[in-house]
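Every number in this text was worked out from the coordinates using simple rules, so none of it is lab data. Bear in mind that the values here come from a model prediction, so they are computed numbers and not experimental data. Note that each Cβ is placed from the backbone with ideal geometry, even for glycine, and that neighbours are counted across all protein chains shown.
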Amino acid sequence: MQAPSLDDLVHAYRKGRATRELVMERVAALVYREPWRYGFDDEDAAADALVAHRGRIEALADRFEDRGIDFEVYLGSCLRFLARTMRRERRRAFEKDLVCERAVASASGSAELEAMRRPWGGEERAAASIVAAWTRTPAEAEAAAFASRLVFLVLKCAWEVDDELAERAAAASGVDPAWLGSALAQARRSLEAERCRYERIQARRNGSWCRLRLLESRLGSEPEGARRERSLAAMERERLRLARAREEMAGFKPVVPNSVVARILGVPKGTVDSGLYYLKRRSRALGRSARQEPG
């Protein structure tokens, strides 16, 4: 027995003899088969529309009025408009990424940055440090150096530093928590392009997860044959994409460049380089001594 057309199925739904889910399955099958006919570039773009705008597409069967044209014609007109809207949104997202990248370039010249430099690297602080150096014991000098290096490390790892850790770092390094919070905000601003890239990875992960769930729901109604094989192959591709996106997110740990840390603090880049080097060497020495201690 030949399956009813989409138009007949919609009329049956309007009379209560078919479900909305059945109509949506037929719509998805048609859009996947010929995505370009409905204004989409490929199957991935069609899947994005079916997942992100499922409720809007399902509602077309309720809004449809029979005025001498088939529902499929009405569907094509609505989906082509939706496809244009999605392409426009992608362009806006791309422009947003460009703005984020430009923000990184302009961050180093802001007045806010100049205001933050003063309490750290001004002439008065430098003079006070020279005077204090004559009266410090070696242990006090080492503690002061460690405090400065700790600030370098916190700013370099600004992506992963939360408010609680920032407060603890401020107490350990002896700096004003409010000042350190402002410096961290400036450091995070330098990672704006990285944040945009992280959001793209996150969107890929979410899209793959939704498409995979949609394919799994369709698989139950697919008969044995070529169409079922294509669905299984599409599911395997989505699983691989989902796994790659999850791996990227797990390994995404951007760090602030040493040159940016130096600009924020108003110190030479070499000071930051050497400070982080000695801090890393000290942490390795502490780790070795901890392993050598008897249990």
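Between ALA172 and SER283, with labels modelled 7 Å along Cα→Cβ, what's the label distance in nm to one decimal, could you check?
For ALA172 paired with SER283, the spin-label model returns 0.9 nm.
Among 19-29, 39-49, what's the highest-first ranking by average C-beta atoms within 10 angstrom per residue?
39-49, 19-29
Can you put VAL261, VAL151 in order of Cβ neighbours within 10 angstrom, beginning with the fewest?
Numbers: VAL261 28, VAL151 24.
Taking fewest neighbouring Cβ atoms as first place, the list is VAL151, VAL261.
I'd like the distance separating the alpha-carbon centroids of region 247-281 and region 173-213, in whole Å.
17
First measure r as the distance between the Cβ atoms of ASP163 and ARG17, then evaluate 1/(1 + (r/R0)^6) with R0 = 41 Å and state the FRET efficiency to the nearest 0.05. Before the final figure, lay out the partial values.
Working: r = 58 Å, r/R0 = 1.41.
Approximately 0.10, to the nearest 0.05.
How large is ³J(HN,Hα), in whole Hz, for each residue of region 10-17 in order, when computed from phi with the Karplus curve 6.51 cos²θ - 1.76 cosθ + 1.60 and θ = phi - 60°, using x for Gly and Pro?
Values, residue by residue: 5, 5, 5, 5, 5, 9, x, 9 Hz.
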